[in-house]
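A short reminder: the numbers here are calculations on the coordinates, not readings from a lab. Worth saying up front: this structure is predicted, and the values here are computed from it rather than measured. Note that each Cβ is placed from the backbone with ideal geometry, even for glycine, and that neighbours are counted across all protein chains shown.
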Ligand code: ATR
């Protein structure tokens, strides 16, 4: 019998996770069945418990349930504790639920895949919501020279900087605090979803700088278009999506899938 996994979210029909995990399973010859499950907005915890009662071994969690997943876990990884959010649930041998967060590692693996250097560099992170909270610990572990977090609501960026100050050189403020040049600029806001561009100052990018949007789509986001007009090299969040999935798959199966082929497949599907 196959082991059961799923992705829980609302909405869920456009999730690429079943495709990604089924490819990983084929590639590594793991017998799993991975499906997309719509959880009711007021019934996430029940949906997870029902899945486990029916033999489920683990799940990915997506919008808007990552905080609720965090709350239901019996034990948590350190990075999930820092993030305050869980994107990977695992049923332990004792039946307890263990929660982890692979989003930050996914971003870092994608940056490494694309040979984006971080050590000693100045890095700007735009946004201060749940997505950004999930990436700061792994980002600071790369020993950048400085991380500056800016946000429309400046206090939230300052709070994040305070919360992570023990891990490295990090400062927060409003958009005006984004004083370049930065070697890497990461957009972690959801502004791209609405086609909005955070009002960032000019002169942000150092020579050979990278712009990274944690969002992705069939067409380039307004942030990446804008970064292109300023001469930055550009990456969208598709690689991060694949890498966070690969890390979750590893946690479940103890086998590390190869991501290049899956990246290429998803890119072809988007275009
Ligand atoms: P997520 O889980 O995607 O991080 P979130 O926690 O709701 O979602 O955070 C959304 C982030 O995008 C926040 O940083 C938000 O800024 P505020 O804290 O000021 O609300 C940012 N954001 C959303 N829409 C934006 C826009 N149109 N312009 C600039 N920032 C925006």
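Starting from the alpha-carbon convex hull of the chain, give the projected area averaged over all orientations, in nm².
Across all orientations, the chain yields a mean hull projection of 13.8 nm².
For the chain, take the longest principal axis of its alpha carbons; what is the angle in degrees between that and the long axis of helix 154-163, to the nearest 10 within 0 to 90?
The answer is roughly 70 degrees.
Where the centroid of each part is defined by its Cα atoms, how far is the stretch 152-190 from the stretch 11-49 in Å?
33
Peptides 189-200, 98-109: what's the order by average Cβ count within 10 Å, highest mean first?
Result, highest mean Cβ count within 10 Å first: 98-109, 189-200.
Could you run the Debye sum over the Cα atoms of the stretch 1-139, one equal point scatterer each and no solvent, and tell me log10 of I(q)/I(0) at q = 0.10 Å⁻¹, two decimals?
-0.36
Run the helix sum for the chain: -39,500 (n - 2.57) per DSSP H stretch of 4+ residues, divided by residue count, reported at 222 nm to the nearest 500 deg cm²/dmol.
The helix-only estimate for the chain comes to -10500 deg cm²/dmol at 222 nm.
How large is log10 of I(q)/I(0) for the stretch 104-236 at q = 0.15, 0.22 Å⁻¹ when the intensity is taken from the Debye formula with one equal scatterer per alpha-carbon?
-0.62, -1.51
Students often check this: by mean Cβ neighbours within 10 Å, which of 212-225, 24-37 ranks highest, and how do the rest follow?
Ranking the peptides 212-225, 24-37 by packing returns 212-225, 24-37.
What's the Cα-based Rg to Rh of the stretch 178-227, Rh via Kirkwood?
Here the Rg-to-Rh quotient is 0.95.
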